[in-house]
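The values are calculated or read from the model by the stated rules, or taken from the named source; none is laboratory data. It should be emphasised that the depicted structure is a prediction, and the values quoted were computed from it without experimental measurement. Here the Cβ is made from the backbone with ideal geometry for all residues, glycine too, and neighbour counts use every protein chain on show. When the accessible area is computed, the model is the full protein with side chains, heavy atoms only, and any ligands, DNA or RNA have been set aside. Shrake-Rupley method; radii C 1.70, N 1.55, O 1.52, S 1.80 Å.
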Amino acid sequence: MAIKKSNKLPQTAAIKQILKKCSSFGKKQGYDHEGSLPDDVPKGHFVVYVGENRSRYIVPISWLGHPEFQSLLQRAEEEFGFNHDMGLTIPCEEVVFRSLTAMIR
């Protein structure tokens, strides 16, 4: 019996890549002031874009540990991968995203 080797990154490595992508996105958009993110993103938070209109949401980094949010991140990875210039985009409807975030809070 052959063991199929997964090409997916371990969860920790995937999260590090997501955070790195979030940080580099700000630099590409001209937000980088000596390594800082946009002024409206508090320390300990990051930006995601949700839905067809790519509405911008600022979410706490602590959500990365929630299984529901991790599921959304896995869907984002499957749909977009890590090599794109669209920021961290979550492929779901805004109504679903708001409902999920209400449960996480």
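Can you list residue pairs whose Cβ atoms sit under 9 Å apart, with the first residue in segment 44-70 being under 11 Å from Leu88 (Cβ atoms) and the second being in a loop (DSSP other than H, G, I, E, B) and β-branched (Val, Ile, Thr)? Count only pairs 6 or more apart in sequence or on different chains. Going by the 9 Å Cβ cut-off, the qualifying pairs are Val47/Val41.
Go through segment 88-105 and give me each residue that's touching a residue at least 24 places away in the same chain (Cβ under 8 Å), open to solvent by 40 Å² or more (accessible area, probe 1.4 Å) and touching a Gly at 6+ places or on another chain (Cβ under 9 Å).
Once the filter is applied, which keeps residues that are touching a residue at least 24 places away in the same chain (Cβ under 8 Å), open to solvent by 40 Å² or more (accessible area, probe 1.4 Å) and touching a Gly at 6+ places or on another chain (Cβ under 9 Å), segment 88-105 yields Glu93, Glu94.
For segment 24-43, the count of residues that are open to solvent by less than 80 Å² (accessible area, probe 1.4 Å) and modelled with pLDDT of 85 or more is nonzero.
In summary, Phe80 fulfils each of the numbered conditions (1) open to solvent by 70 Å² or more (accessible area, probe 1.4 Å); (2) in contact with a Ser or Thr (Cβ under 7 Å, 6 or more places away or on another chain) with the single exception of condition (1).
The requirement of being modelled with pLDDT of 75 or more, surrounded by 11 or more Cβ atoms within 10 Å (Cβ to Cβ), in contact with an Asp or Glu (Cβ under 8 Å, 6 or more places away or on another chain) and not β-branched (Val, Ile, Thr) is fulfilled somewhere in segment 44-67, by at least one residue. Asp85 meets the conditions (1) modelled with pLDDT under 90; (2) surrounded by 13 or more Cβ atoms within 10 Å (Cβ to Cβ) in every case but one. The failed one is (2).
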